Amino acid sequence: MQKVTLDGIKVVDVHAHPFREQREPENPVDFLRKLSLSVIPEMFTNIEDVEKFQPYPGTNMWIQILFRHMAKYLNCEPDLPSIVEERNKKAKNFPDYTKELFADANLEGLIMDFGYPQPPINRDDFQQMSGAQIWEIHRIEPVMVELGKQKLSFEEFIEKYRDNLEKALKRDGVVGLKTIIAYRSGLEISNKDGKAAASAYEEFLINEKAPAKAMRDYCFHIAMEECTRADKFMHIHTGIGDGEVVLSKASPSFLLDTFRKPEYKETKIHLVHGGYPWMEEAAFIVSILPNVYMDISLQNPFTGHGVERIISQVLELAPFDKVMYGSDAFTVPEMNWLGVKLFKDCFERVLSDWVEKDYMDADQARYIGEMILYKNFENIYKVKI
């Protein structure tokens with residue numbers, strides 16, 4: 001049987017976050033913390049008493065796989081101190097190191113959420129540091145927070161909020177808006193109710209992270225309207241994330257009734273993180289609604305060996321031309337790099353299995369790989385890279 005290879009195929013990452021230039025050497029414990037989705041610093045404290053072959057406390061398969069790849073790439077022992085020591089040597093010139101990793105992975109473009117970290121990183125600066133082409137999604141929650149600090153009336157808040165989104169969508173390189181409403185009040189979106197939203201606005205003014213559900217739902221609808229008007233994409237965080245997520249209301253299935261509304265029939269929607277661990281529900285939604293798309297990010301690379309299973313499950317229902325590659329990388333360039341490496345390794349095994357079962361030939365399998373790695377992005381976002 002001919003093994004399918006995805007070597008040499010360029011990659012566009014449709015969901016990631018920028019990271020700051022590192023100016024000081026990393027220490028092993030801090031490097032571990034940067035690799036974790038955990039927001040609890042105590043997850044990683046001491047690596048001194050680790051026995052030979054013992055995984056570092058708090059680490060999981062994604063980190064294990066990263067160490068394995070980094071040790072081979074850096075030509076060093078696969079233990080954390082050795083990896084960080086060699087990594088620090090290369091990262092003395094951090095922009096060159098970042099460019100080297102991106103080039104090694106054929107990572108040529110990224111859609112980035114500059115809403116994290118705060119304060120925002122300059123897009124042009126990051127593009128220059130990484131050497132990749134960068135597009136931006138404009139996150140709505142930081143806009144809401146900044147306007148809330150002005151203690152405006154609800155009517156003034158909404159007027160300025162809508163104006164901000166409208167202007168952002170006209171900026172060069174901005175491909176859409178993004179919401180993390182799943183972290184605040186969940187994805188079960190109510191109808192647009194101005195009276196209820198004005199009442200919930202008072203709760204928001206007291207605590208910017210409060211559920212304030214009716215108000216957040218109202219702002220969600222405005223964002224959908226502005227994306228529809230501008231013919232740009234609405235990115236919606238679905239599924240798990242960090243510890244603040246409203247997990248009981250994070251499944252993309254909660255969005256289906258909203259997506260079915262006649263006013264959103266033409267709205268371009270991008271389900272960020274593909275709803276993991278409810279990726280089958282996301283796959284079903286994109287299979288029945290022509291204006292909804294999904295990516296495989298966060299679950300890639302942070303589920304480690306599970307990426308192979310997830311790719312296979314997503315493609316049980318999702319059309320080949322509606323799924324895109326992503327990583328959700330957010331602190332160090334190794335995340336972006338390993339995201340591509342791991343995804344290609346896992347996807348090659350899935351595709352090769354399909355060829356072995358005679359579902360398709362190797363040429364068609366490789367073409368499907370190209371679709372998800374970059375072609376779908378170009379076709380869906382109407383951008384050539």
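Would you mind checking which residues have amide H under 5 Å from residue 298's amide H? H placed 1.01 Å from N; only 5 or more apart, or other chain.
For residue 298, the qualifying residues are 327, 328.
For the chain, what does the relative contact order come out to in percent, with C-alpha contacts under 8 Å and a separation of six or more?
Relative contact order comes out at 21 percent.
Under 5 Å between amide hydrogens, which residues at least 5 positions from residue 135 or on another chain qualify, with H placed 1.01 Å from N in the peptide plane?
110, 111, 112
Whole-Hz Karplus ³J(HN,Hα) for the range 23-34, in order, using 6.51 cos²θ - 1.76 cosθ + 1.60 and θ = phi - 60°, x for Gly and Pro?
So the J values, rounded to whole Hz, are 10, 10, x, 7, 9, x, 5, 5, 5, 4, 4, 5.
What do you get when you divide the Cα radius of gyration of the range 232-291 by 2.2 N^0.38 Å, with N the number of residues?
In units of the globular-protein estimate, the range 232-291 measures up at 1.09.
Between residue 313 and residue 345, what is the label-to-label distance in nm when each label sits 7 Å out along the Cα-to-Cβ direction?
Between residue 313 and residue 345, the simple spin-label model gives 2.0 nm.
Angle between the Cα long axis of helix 306-317 and the longest principal axis of the chain, 0 to 90 degrees, nearest 10?
On a 0 to 90 degree scale, this one is about 50.
So if I restrict to the alpha-carbon atoms in the range 268-385, what is the Rg, and what is Dmax, the biggest pairwise distance, in Å?
13.5, 41
Would you mind calculating the relative contact order of the range 245-385 from Cα pairs under 8 angstrom and at least 6 residues apart, reporting the percent as a whole number?
The value is 19 percent.
Over the range 81-210, one equal point on each Cα, no solvent: what is log10 I(q)/I(0) by the Debye formula at q = 0.16, 0.19 Å⁻¹?
Log-scaled intensity ratios, in q order: -0.91, -1.11.
How big is the Rg/Rh ratio for the chain, C-alpha atoms only, Rh by Kirkwood, two decimals?
Dividing the radius of gyration by the Kirkwood radius yields 0.97.
For the chain, what does the accessible surface come to per residue with a 1.4 Å probe? Please give it in Å².
Here the residues of the chain average 44 Å² of exposed surface.
For a Förster distance of 25 Å, can you work out the FRET efficiency between the beta-carbons of residue 203 and residue 116, rounded to the nearest 0.05? Intermediate values should be presented prior to the final figure.
Details: r = 23 Å, r/R0 = 0.94.
So, using R0 = 25 Å, E works out to roughly 0.60.
Between the range 65-113 and the range 337-378, how many Å separate their Cα centres?
The range 65-113 and the range 337-378 have Cα centres spaced 24 Å from each other.
Hey, in the GNM for the chain with a 10 angstrom Cα cutoff, which one of 18, 28, 333 fluctuates hardest?
Evaluated over the chain, the most mobile residue of the options is 28.
Take the alpha-carbon positions of the range 150-267, form their convex hull, and give its projected area averaged over all directions (one quarter of the hull surface) in nm².
7.5
Hey, quick one: spin label on residue 108, modelled 7 Å out along Cα-Cβ, who in the range 343-385 has an amide N within reach, i.e. under 18 Å?
Residues passing the 18 Å test: 344, 366-385.
Arranged from highest to lowest average of other beta-carbon atoms within 10 Å per residue, in what order do the peptides 72-80, 129-137 appear?
Packing order, densest peptide first, comes out as 129-137, 72-80.
The values are calculated or read from the model by the stated rules, or taken from the named source; none is laboratory data. Please read these numbers as outputs of a predicted model, since none were measured by experiment. So basically every Cβ, Gly included, is an ideal-geometry build from the backbone, and we count neighbours across all protein chains shown. Ligands, DNA and RNA are excluded from the accessible area calculation, which covers all protein heavy atoms including side chains. Shrake-Rupley method; radii C 1.70, N 1.55, O 1.52, S 1.80 Å.
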